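What follows is a short report on a single structure.
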Amino acid sequence: MTGRTLPPIEVLPRDLSRWEKGNTGTPFVHRFDSGVDGPCTMVVGLTHGNEFCGAEALHWALSEGLRPARGSLIVAFSNVAAYRSFDRERPLDSRFLDRDMNRVWRDDWLANEKTREADRARELLPFVLSADFLLDIHSTSFAVRPFYVGAMNARARDLAARVGFPKSLLLADGGFDGRTLIEHGEFSDPAGRRTALVVECGAHFLRSSVEVAKATLLDFLTVTGTIDADWAGARRPVVPDAEPGTFEITEVYVAKTDELSFAAPFVGFEEVEEGALIARDGPTEIRAPYPRCTILFPKAQPMKGREFVTLARRVD
């Protein structure tokens, strides 16, 4: 395995128990109605238990008195059980308990699967189905530029462009080992009207990723018309943006063996030329299938049967 060093742990889990009761009858889910016509917007943190920036941003926003000026707002801490399992000695192990919660959003798995993540997804599903707009706050293993991930449709492109921060966008048309939250139902239907985005805020445990999450949350809620720009502007942290770019996922590799290694210490957004060696999975070489191939989500702890690395083509 070519050596790569994870960023330092600057943020640790906090006690979220003050948000557990909520006001919906579902633990860790809050819903606020403005009484004024407008969209239903949902923001989600902790889809992965080791991605602390979402929990920090939601905790902060609720503590600041976040309420919708128009429409309604749903705030959900997703996989708190995995979050509570965090072990500083094994910081990536609390991503999930039984199955990646950002892959369980297939209708058949939601109907039949008996895992703790599927159980929690079923609790969240009525709220997801009511959302006109949804923002799912994530982070990455390594410190790469912040970026959005959206379904490959015009609505996702338009919403990411209107929010404007961050400026990079990754478009996905399936291909993952399961189905992500932002692909569920109408979110990924080109003819639909509901729109969802993931924001990847930077490395899991950095304070800078928390600031990106806060800024993106406020910008997203402002653009969707959910909160007033003045309220958001008074609280928005100043964070730098990275270079713009739009990418389309072409390959998601799932590891077939335990003999996994990368050809270089990739962290994400490296661009390699056609034919360049990216990784080895046992006897199989993974090489760039086209010119200017972009490497994304190289796993810090690759494992057989799990996603290993994703490749994307830059389209602008």
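So here's what we get for this one:
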{"item": "In the range 1-107, the GluC sites (Glu not before Pro) that fall in loop regions by DSSP, at most 14 other Cβ within 10 Å", "result": "Glu10, Glu20, Glu64, Glu89"}
{"item": "Nearest-ten-degree value, helix 207-223 long axis tilted from longest Cα axis of the chain", "result": "50 degrees"}
{"item": "Cα-based Rg of the range 164-212 normalised by 2.2 N^0.38 Å, two decimals", "result": "1.37"}
{"item": "Projected-area mean, the range 52-96, by convex hull of Cα positions, square nanometres", "result": "3.7 nm²"}
{"item": "Positive dipole terminus of the chain, leading residue within Thr180, Val198, His30 (C-beta point charges)", "result": "His30"}
{"item": "0 to 90° range, to nearest 10: angle between helix 52-63 axis and the chain longest Cα axis", "result": "10 degrees"}
{"item": "Estimated FRET transfer efficiency when R0 is 25 angstrom, pair Met303-Ala276 (beta carbons, to 0.05)", "result": "0.55"}
{"item": "Radius ratio Rg over Rh of the range 1-137, counting only Cα atoms, Kirkwood formula for Rh", "result": "1.00"}
{"item": "Degrees between helix 154-163 axis and first principal axis of the chain (Cα, 0 to 90, nearest 10)", "result": "70 degrees"}
{"item": "Whichever aspartates and glutamates have a C-alpha closer than 19 Å to that of Lys167, once near sequence neighbours (fewer than 8 apart) are set aside", "result": "Asp136, Asp158, Glu200, Glu211, Asp219, Asp241, Glu243, Glu248, Glu270, Glu271, Asp316"}
{"item": "Nearby lysines by direct alpha-carbon distance to Lys256 (threshold 29 angstrom, same-chain neighbours under 8 apart not counted)", "result": "Lys114, Lys299, Lys304"}
{"item": "Cα-based convex hull, the range 247-314, per residue volume (Å³, whole number)", "result": "70 Å³"}
{"item": "Rounded, prolate or oblate (a/c below 1.5 giving rounded, otherwise prolate when a/b exceeds b/c) for the range 60-157 by Cα gyration tensor", "result": "rounded"}
{"item": "Spread of Cα-to-Cα distances over 20 Å intervals beginning at zero, given as percent, for the chain", "result": "33, 60, 6, 0"}
{"item": "Point-to-point label distance, Asp93-Arg314, nm (Cα→Cβ direction, 7 Å offset)", "result": "3.9 nm"}
{"item": "Cα Rg, Dmax (largest Cα-Cα span) when computed across the range 177-273, Å", "result": "17.7, 53"}
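None of the figures in this text is laboratory data; all of them are computed from the coordinates on show. Small disclaimer: the values here were computed from a predicted structure and weren't measured. Ideal geometry is used to build each Cβ from the backbone, glycine not excepted, and the neighbour counts take in all protein chains shown.
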